[in-house]
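Taking it in order: structure first as structure tokens, then the write-up.
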Amino acid sequence: MASSLLTLPSTFSRLNSFPKTFKALSLLKFHKQHRLRPLNYPLLHFPSSATRFSTSRIPLSSKPFDDDLVVLGIETSCDDTAAAIVRGNGEILSQVVSSQADLLARYGGVAPKMAEEAHSQVIDQVVQDTLDKAGLTEKELSAVAVTIGPGLSLCLRVGVQKARRVAGNFNLPIIGVHHMEAHALVARLIEKELQFPFLALLISGGHNLLVLAHDLGHYTQLGTTIDDAIGEAFDKTAKWLGLDMRKSGGPAVEQLAQEGDAESVRFSIPMKQHKDCNFSYAGLKTQVKLAIASRNIDAKVPLLCASSQDRSSRADIAASFQRVAVLHLEERCERAVEWALKIEPSIKQLVVSGGVASNQYVRARLDQVVKKYSLQLVCPPPNLCTDNGVMVAWTGIENFRVGRYDPPPPANDPEDFMYDLRPRWPLGEEYAEGRSEARSLRRARVHPSLTSLVQASLQQQ
């Protein structure tokens, strides 16, 4: 069944902050009676009436709109099932992550259907463990935040379904969270002095993104990948080198690279001729694959069983790959800093987040870059760089404070209910100088960017 898209009047917009009070039931009744056009930033869809409802600021008498907020965050966008509870003052009350490391090792990467089944098997227990560790019940929550995109649709659905059940059964507002915004904003939880505007590099298995964060919900995209992300390149390199994938490819390559000579294999730095901030790792992956084949490395032979010479060859390739992969990051970040300072001269920090930001070599090299411009490098701790519930809960808190949330959903969804999932959802609008003619067709936009939705709604007010 096709999903209908709606636009809501500004008084009912999820992105407004009018201090009017509406009862959730009245709002639901309104939406069931009105069929509207696309524009806003909705979370929910009722196919039976072809309606969606966007957020109004609906203060609930039992849920104070201040730092006493207690938000449950749920994250299932890819291969980890995560949940956390965070207070409005930034205190992390609990967090739980269920890893799919065995599946990653078995399939050499993420298999969407298998990942969905794994999420479904553990989501209830993960949320319950999160509540138990915090010493809370659902009745003591202020709201539920959940990732609705970007990510794998099958996996996103599991988290959204769980979030709606909790919110519906306990009359809680629900906040749809952009996965990449969450990676950027979690730095504000850790670094209390981090204020807008700031520059952010978000790097993971599926994303390479350089964005200028002007304000909450307002981002300019300076650069992105035209093909593969750096995390994907790390994962494939680890697989081809026969490394242990149970902790994902990045940490395995980083560890082995410490034994190798980073200058021994002369890989080319991608996109040297392109004077923009976009990334490409597909060509580097091909170079790595050819280097492995030329040295007769057999990925079926685990690293622990490799001969001394074989292990040395693998380490040299790992180190050389890591050096060039990060050099590509450095070049793009330097240009992005220069562009960002032209647009927002007051920026003082570069935030680096996402799974690959856990890599200590990446951090050390980028720290040298920002020092050239007298900026501060801000990196969340490794457990908050990889996908986690804390970043979702905190982003939910930031959005809830400015009135961006949806009212409590029904306790039970109809069988034909269609969820508003956003597997391809840009964070910001492209910077004019950053547009690339070499973009892959995989970049086809399915949803308007978060920034465009926020800005359009603000203009309605």
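The values are calculated or read from the model by the stated rules, or taken from the named source; none is laboratory data. These numbers were taken from a predicted model, which means no experiment stands behind them. Note that each Cβ is placed from the backbone with ideal geometry, even for glycine, and that neighbours are counted across all protein chains shown. Only protein heavy atoms, including side chains, enter the accessible area calculation; ligands, DNA and RNA are left aside. Shrake-Rupley method; radii C 1.70, N 1.55, O 1.52, S 1.80 Å.
Matching residues to (1) in contact with a Leu (Cβ under 7 Å, 6 or more places away or on another chain); (2) modelled with pLDDT of 95 or more; (3) in a loop (DSSP other than H, G, I, E, B); (4) open to solvent by 20 Å² or more (accessible area, probe 1.4 Å):
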{"residue": "Gln273", "(1), (2), (3), (4)": "no, no, yes, yes"}
{"residue": "Lys289", "(1), (2), (3), (4)": "no, yes, no, yes"}
{"residue": "Ser320", "(1), (2), (3), (4)": "no, yes, no, no"}
{"residue": "Arg335", "(1), (2), (3), (4)": "no, yes, no, yes"}
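Using the structure shown, decide if Val402 is open to solvent by 40 Å² or more (accessible area, probe 1.4 Å) and of a type outside the set (Gly, Ala, Ser).
Values: open to solvent by 40 Å² or more (accessible area, probe 1.4 Å): yes; of a type outside the set (Gly, Ala, Ser): yes.
When the stated conditions are applied, Val402 passes them.
Could you check segment 258-271 and list, in sequence order, the residues that are open to solvent by 20 Å² or more (accessible area, probe 1.4 Å) and in contact with a Gly (Cβ under 8 Å, 6 or more places away or on another chain)?
Ser268
For the list (1) surrounded by 15 or more Cβ atoms within 10 Å (Cβ to Cβ); (2) in contact (Cβ under 8 Å) with a residue 12 or more places away in the chain; (3) outside any strand (DSSP E or B), I need the number of the one condition that Val351 fails.
Failing condition for Val351: (3).
Among the residues of segment 354-380, write down those that are part of a loop (DSSP other than H, G, I, E, B), among the small types (Gly, Ala, Ser) and open to solvent by 10 Å² or more (accessible area, probe 1.4 Å).
Ser374 - this is the single residue of segment 354-380 that is part of a loop (DSSP other than H, G, I, E, B), among the small types (Gly, Ala, Ser) and open to solvent by 10 Å² or more (accessible area, probe 1.4 Å).
Any residue at all in segment 412-429 that is open to solvent by less than 20 Å² (accessible area, probe 1.4 Å), closer than 30 Å to Lys275 by Cβ, touching a residue at least 24 places away in the same chain (Cβ under 8 Å) and small (Gly, Ala, Ser)?
Within segment 412-429, one or more residues are open to solvent by less than 20 Å² (accessible area, probe 1.4 Å), closer than 30 Å to Lys275 by Cβ, touching a residue at least 24 places away in the same chain (Cβ under 8 Å) and small (Gly, Ala, Ser).
Give me the residue from segment 113-152 that is in a helix (DSSP H, G or I) and polar (S, T, N, Q) and, out of that set, surrounded by the most Cβ atoms within 10 Å (Cβ to Cβ).
Taking segment 113-152 and keeping what is in a helix (DSSP H, G or I), we get 113-134, 138-140.
Remaining after also requiring polar (S, T, N, Q): 120-121, 125, 128, 130.
On the way: Ser120: 17, Gln121: 12, Gln125: 13, Gln128: 13, Thr130: 24.
Here the answer is Thr130.
Please enumerate the residues belonging to segment 381-429 that are within 18 Å of the chain's Cα centre (by Cα), assigned to a loop (DSSP other than H, G, I, E, B) and either under 14 Å from Gly217 (Cα atoms) or not charged (D, E, K, R) (or both).
Pro381, Thr386, Asn388, Leu421, Pro423, Trp425, Pro426, Leu427, Gly428
All but one of (1) open to solvent by 10 Å² or more (accessible area, probe 1.4 Å); (2) in contact with an Asp or Glu (Cβ under 9 Å, 6 or more places away or on another chain) hold for Glu254; which doesn't?
Here Glu254 clears every test but (2).
Does segment 160-201 hold any residues that are in a loop (DSSP other than H, G, I, E, B) and surrounded by 24 or more Cβ atoms within 10 Å (Cβ to Cβ), and which are they?
Leu172, Pro173
Kindly indicate whether His214 is more than 22 Å from Pro112 (Cβ to Cβ) and open to solvent by 20 Å² or more (accessible area, probe 1.4 Å).
Numbers: more than 22 Å from Pro112 (Cβ to Cβ): yes; open to solvent by 20 Å² or more (accessible area, probe 1.4 Å): yes.
So His214 passes the test.
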